[in-house]
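Reading through the structure tokens given below for one structure.
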Amino acid sequence: MLLQSVVDPVNPRKILVTGGAGYIGAHTVRLLLQQGYDVTVVDDLSKGYRHNVPDGRLCQVNLSQTATLAELLRQTGCQAVVHFAAFIAVGESMREPERYFANNVGGSLSLLTAMLQAGVRHLVFSSTAAVYGTPHETPIREDFPIHAVNPYGESKVMVETLLRWFDEIHHISSVCLRYFNASGADPEGHLGEEHQPETHLIPLLLRAVLTGQPVTLFGTDYDTPDGTCIRDYIHVDDLAQAHILALEYLLSGGPSDQFNVGTGAGHSVLEMVRAVEEVTGRKVPYTIGPRRQGDPPELVAASEKLRTRLGWTPRYADLQSIVEHAWRFACKSRP
Ligand code: UFG
């Protein structure tokens with residue numbers, strides 16, 4: 001189903017965004033506002049930043065506060081929810097699984113309960129390619145086996161399961177967007193990646209360029225053409241736009257579904273090093289380290305479903321734009 005945006009400037013659609021002060025959430029809020037939606041952000045600021053949210057839009061609430069969420073949904077008259085709020089660090093989830101299940105699964109259950117109480121029937125969910133674990137082949141299609149290999153990925157699988165039952169029993173329709181490697185930054189440089197601690201490749205390569213402190217490349221002995229891992233890097237604005245298309249799909253009566261969000265193109269870690277060197281005009285100082293536990297050699301999305309069913313086309317499918325925008329942001333907020 002191809003969709004047209006149906007935003008009415010006199011009566012804008014009202015959307016609640018959880019985790020809207022974080023990296024992907026804030027980019028989505030920015031695009032929603034630019035496209036005429038009326039947005040309320042819920043974030044407890046445990047990971048996100050107040051400075052990412054436009055004035056007057058932030059409610060500092062934790063997802064465990066079901067009654068507060070229900071009241072907020074009623075008061076604001078929200079028609080749908082985009083749900084980002086979650087912990088995202090795979091390594092940390094291997095050390096403290098209880099925190100991941102409590103926050104990611106418990107928080108989502110509380111949110112769904114609040115939606116039921118307030119009569120809100122549509123949700124776009126921030127899922128992950130980690131639900132596939134180590135796939136038997138790539139590109140990865142949405143119908144591949146679900147088999148998370150860490151508590152972070154498992155917590156997202158569990159929420160996808162909750163959503164299936166909430167649709168079946170309570171008729172809450174949902175779209176699960178399974179992200180590949182979110183990267184880049186708002187082209188105008190207002191927003192970007194600010195994880196604490198940062199674990200993602202592109203910001204770490206840029207930091208190495210800025211500080212001269214070498215970044216460690218995790219393994220060069222994989223069964224890939226240059227021995228380093230291959231990933232599908234997707235510009236955060238293209239990812240944000242996928243959420244808006246998913247929202248419109250649900251608000252137009254589309255049934256619950258799951259979509260990969262990736263470009264379908266894979267790039268190795270060494271290719272990323274070269275891309276950063278080209279954009280910055282400087283050498284990336286790096287050392288070679290051992291493999292990071294749990295890294296699959298290759299994760300690339302089959303992205304046809306999102307393109308054909310929701311009419312999604314990435315605007316920044318080239319690495320150059322992704323790295324350029326991330327570099328602009330990194331220079332602004334130098335370490
Ligand atoms: N890498 C390095 N050195 C670093 C950091 C990363 O070599 O300092 C490598 C990793 O080993 C990997 C690639 O760069 O091969 C990308 O690593 P990221 O940490 O940037 O991203 P991941 O592919 O590990 O993780 C992303 C999301 C996760 C999600 C996963 C799904 O960040 O939330 O994709 O597969 F679970």
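The values are calculated or read from the model by the stated rules, or taken from the named source; none is laboratory data. In this text the structure is predicted, and so the values were computed from the model without any measurement. Reconstructed Cβ throughout: ideal geometry from the backbone, glycine too, with neighbour counts over all protein chains shown. What goes into the accessible areas is simple: the full protein's heavy atoms, side chains included, and nothing from ligands, DNA or RNA. Shrake-Rupley method; radii C 1.70, N 1.55, O 1.52, S 1.80 Å.
At a probe radius of 1.4 Å, what is the per-residue accessible area of THR134, in Å² to the nearest 10?
For THR134, the solvent-accessible surface is approximately 80 Å².
Where the only charges are on Cβ atoms (+1 Lys, Arg; -1 Asp, Glu), what is the dipole of segment 1-153 about its Cα centre, to the nearest 20 debye?
Dipole about the Cα centre, nearest 20: 260 debye.
Quick one: accessible area per residue over segment 74-148, 1.4 Å probe, rounded to a whole number of Å²? Provide the component values of the computation, followed by the final result.
Numbers: 3180 Å² over 75 residues.
Here the per-residue accessible area is 42 Å².
Rounded to the nearest 10 Å², what accessible area does GLU298 have for a 1.4 Å probe in the complete protein model?
About 70 Å², rounded to the nearest 10.
In whole angstrom, note down how far apart the Cα centers of segment 95-168 and segment 30-55 are.
Between the Cα centre of segment 95-168 and that of segment 30-55, the gap is 22 Å.
With the Cα gyration tensor of segment 129-229 giving a ≥ b ≥ c as the square roots of its eigenvalues, does the rule (a/c under 1.5 for rounded; else a/b larger than b/c for prolate; else oblate) give rounded, prolate or oblate?
On the way: a/c = 2.68, a/b = 1.55, b/c = 1.73.
Because a/c hits 1.5 or more and a/b fails to exceed b/c, segment 129-229 counts as oblate.
Using the alpha-carbon atoms, what tilt in degrees (0 to 90, nearest 10) does helix 269-280 show relative to the longest principal axis of the chain?
The answer is roughly 90 degrees.
With a 1.4 Å probe and all protein chains in place, put ILE169, ILE322 in order of accessible area, largest first. Could the numbers behind the result be given before it?
Values: ILE169 105, ILE322 0 Å².
Highest to lowest solvent-accessible surface, that is ILE169, ILE322.
Counting only residues 5 or more places away or on other chains, whose amide H sits under 5 Å from the amide H of SER174 once H atoms are built in the peptide plane?
Counting only residues 5 or more places away or on other chains, the set is LEU123, SER256, ASP257.
How big is the accessible area of VAL159 in square angstrom, nearest 10, if you roll a 1.4 angstrom probe over the protein chains?
0 Å²
So, with +1 on the Cβ of K and R and -1 on the Cβ of D and E, and no other charges, what is the size of the charge dipole of the chain about its Cα centre, to the nearest 20 debye? Please list the in-between numbers first.
Numbers: 28 positive and 37 negative charges, 116 e Å.
Dipole about the Cα centre, nearest 20: 560 debye.
Using a simple charge model, +1 on the beta-carbon of Lys and Arg, -1 on the beta-carbon of Asp and Glu, nothing else, what dipole does segment 121-172 show about its Cα centre, in debye to the nearest 20?
Once rounded to the nearest 20, the dipole reads 140 debye.
Where does each of 122-129, 51-58, 206-213 land if you order them by average Cβ count within 10 Å, highest first? Don't skip to the end; give the middle numbers.
Working: 122-129: 25.0, 51-58: 14.8, 206-213: 16.6.
Most protected by this proxy first, the peptides run 122-129, 206-213, 51-58.
To the nearest 10 degrees, how steeply does helix 201-211 sit against the main Cα axis of the chain, on a 0 to 90 scale?
Approximately 60 degrees, to the nearest ten.
How much of the DSSP bridge set in the chain is antiparallel, in percent, rounded to the nearest 5? Before the final figure, lay out the partial values.
Values: 2 of 38 bridges.
Looking only at bridges with both residues in the chain, the antiparallel portion is about 5 percent.
Expressed as a whole percentage, what fraction of the accessible surface of the chain belongs to carbon and sulfur atoms when a 1.4 Å probe is rolled over the protein heavy atoms? Before the final figure, lay out the partial values.
Values: 7430 of 14560 Å².
Carbon and sulfur atoms account for 51 percent of the accessible area of the chain.
Go ahead and estimate [θ] at 222 nm for the chain from helices alone: -39,500 (n - 2.57) per DSSP H run with n ≥ 4, summed, over the residue count, rounded to 500.
On the way: 11 runs with 125 residues, N = 335.
Estimated from H runs of four or more residues: -11500 deg cm²/dmol.
Of LEU31, LEU204, which has the most accessible area and how do the rest follow, probe 1.4 Å? Intermediate values should be presented prior to the final figure.
Values: LEU31 25, LEU204 45 Å².
Reading off the accessible areas and sorting them downward yields LEU204, LEU31.
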